[in-house]
Amino acid sequence: MRFDALLFDFDGVLIESEYIGNRQIAQWLTAEGHPTTPEQSMANFMGLSGPDFHAAIERWIGGSMPPSFREARAAEDARVMAEGIAEVAGAAAFVRALPPELPCAVVSSSSTRWIACHLDHLGLEDAFGTHIYSGSEHVARGKPAPDLYLHAAAALGVDIRRCAILEDSPVGATGAVASGAYVIGLCAGSHCGIGHADRLKAIGVDTVAHNFDEVTALLG
């Protein structure tokens, strides 16, 4: 193993939630008179959390976010947390195959409740122990700031420069690159269309992987 620790983004890296979530956002905005495609939603909102996410929505619609948006998001979150979301192909097997002595953490813009629920659906409820970190809960500045990655590395007791990070979104990749870690832009999710890898490369990721077999080769 080339690295001393491995940090995982969650949505779009371990579960196929990015397209599902952004489709719901786009449908709601369109119904409210703000025509939006899932692709536009992903381009403008993917990877953001908390106030940054809300501010991005308000910039897009040119006004304050109505309370009904929060209600619609909460209802959608409850639905998918009850039903589960499919893994990104090969994700669960990859995590299970990691050396047990390798420190690992989840570094996500989603809530720890969301992450824990979907790890349970994947049968990975114990894979990360207590090392599940949320940009809206554990640091003052979420992605695209590097703070969450630095927080996780410190919690694991590993120099960030000895960590590898798996990120799929441009927002996440921006923070990961700024942290000083080795960054793998993962383009394995269904939301990663034509040009996605090039966007991540332009941000400065060290390399791109299109599936978890390629990640395994990069880490070895």
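The values are calculated or read from the model by the stated rules, or taken from the named source; none is laboratory data. From a predicted model like this one, the values you see are computed outputs, not experimental measurements. All Cβ positions, even for glycine, are placed from backbone atoms using ideal geometry, and neighbour counts span all protein chains on display.
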Task: Filter result for the condition that a residue is farther than 18 Å from F128 by Cβ and either among the small types (G, A, S) or buried (at least 16 other Cβ atoms within 10 Å of the Cβ) (or both), over A31, A91 - done: A31
Task: Those residues of the stretch 184-209 which are at pLDDT below 95, surrounded by 23 or more Cβ atoms within 10 Å (Cβ to Cβ) and either touching a Leu at 6+ places or on another chain (Cβ under 7 Å) or over 17 Å from F94 (Cβ atoms) (or both), in sequence order - done: H191
Open item on the list: Considering only the stretch 21-30, I want to know if a residue exists there that is without any contact (Cβ under 8 Å) to a residue 12 or more places away in the chain and either assigned by TED's automatic domain parsing to the domain that holds V215 or not hydrophobic (A, V, I, L, M, F, W, C) (or both).
Closed with: yes
Task: Out of V158, V95, sole residue that is assigned to a loop (DSSP other than H, G, I, E, B), of a type in the set (A, V, I, L, M) and over 15 Å from the mean Cα position of the chain (by Cα) - done: V158
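Yes or no, residue by residue, for (1) within 14 Å of the chain's Cα centre (by Cα); (2) acidic (D, E); (3) within 26 Å of D213 (Cβ to Cβ):
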position: F3; (1), (2), (3): no, no, yes
position: V13; (1), (2), (3): yes, no, yes
position: I20; (1), (2), (3): yes, no, yes
position: Q40; (1), (2), (3): no, no, no
position: A72; (1), (2), (3): no, no, no
position: R79; (1), (2), (3): no, no, no
- [ ] Give the residue that is surrounded by the fewest Cβ atoms within 10 Å (Cβ to Cβ), with candidates limited to residues of the stretch 55-67 that are of a type outside the set (D, E, K, R) and at pLDDT 90 or above.
- [x] G62
- [ ] Would you point out which residue out of A181, A140, A127, A155 is over 21 Å from E87 (Cα atoms) and either surrounded by 18 or more Cβ atoms within 10 Å (Cβ to Cβ) or among the charged types (D, E, K, R) (or both)?
- [x] A181
Open item on the list: Tally up the residues in the stretch 38-68 that are small (G, A, S) and closer than 19 Å to S109 by Cβ, please.
Closed with: 7
Open item on the list: So, L150, is that one outside any loop (DSSP other than H, G, I, E, B), out of contact with any Ser or Thr (no Cβ under 8 Å at 6 or more places or on another chain), in contact (Cβ under 8 Å) with a residue 24 or more places away in the chain and aliphatic (A, V, I, L, M) or not?
Closed with: no
Task: Residues within the stretch 38-62 that are of a type outside the set (V, I, T), in a helix (DSSP H, G or I) and farther than 18 Å from G189 by Cβ, tallied - done: 10
TODO: Name every residue in the stretch 98-121 that is assigned to a loop (DSSP other than H, G, I, E, B), surrounded by fewer than 19 Cβ atoms within 10 Å (Cβ to Cβ) and over 16 Å from the mean Cα position of the chain (by Cα), in order of residue number.
DONE: L98, P99, P100, E101, L102
